[in-house]
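A short reminder: the numbers here are calculations on the coordinates, not readings from a lab. Just so it is clear, the model here is predicted, and its values are computed rather than measured. So basically every Cβ, Gly included, is an ideal-geometry build from the backbone, and we count neighbours across all protein chains shown.
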Amino acid sequence: MYATPNSGAAVSAPPPHEAYAHAPDLRREMHQVLALGAARDGRQARTATGPLVAATTSERVWLLRRAALMDRMALDDPGPGPVAAAAETAGQLVRHDRRHPDLVAGPHHPDASALAPDHRRYVRQEYAAWTTAGRPTT
């Protein structure tokens, strides 16, 4: 399903302009991610949730969208703060996907050798795959 670490297989991630081609503008996405986070934390009513799998998938969507948002913000302002925030949120997505490899949407696992040094590339791969799949469980 996906490349394993150090497999020697060529691994590429889409460039940002391709990965985020269908993303909402930053302001809209920020509001949507904040709303997802509020629902996740119980600060806002959320829609009915299904079994644990649905909760895990919803958590991943929030992590993915938040990491993609931070990546996009760091691309616009590559200062140390935004870059650090993008790296941190990308790392959180990677840690989640290591625990739930069945939710990986793109062709490469987060530990694929070429993606591992820069988890932001993994975020781009996963965001592109998620949008290609029609943004399931938005």
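Values computed for the structure shown
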| item | result |
| --- | --- |
| Count of residues meeting criterion [surrounded by fewer than 17 Cβ atoms within 10 Å (Cβ to Cβ), touching a Pro at 6+ places or on another chain (Cβ under 9 Å) and free of Cβ contacts under 8 Å to residues at least 24 places away in the same chain] in the range 54-92 | 0 |
| Residue list for the range 17-27, filter: assigned to a helix (DSSP H, G or I) and over 17 Å from Trp130 (Cβ atoms) | Leu26, Arg27 |
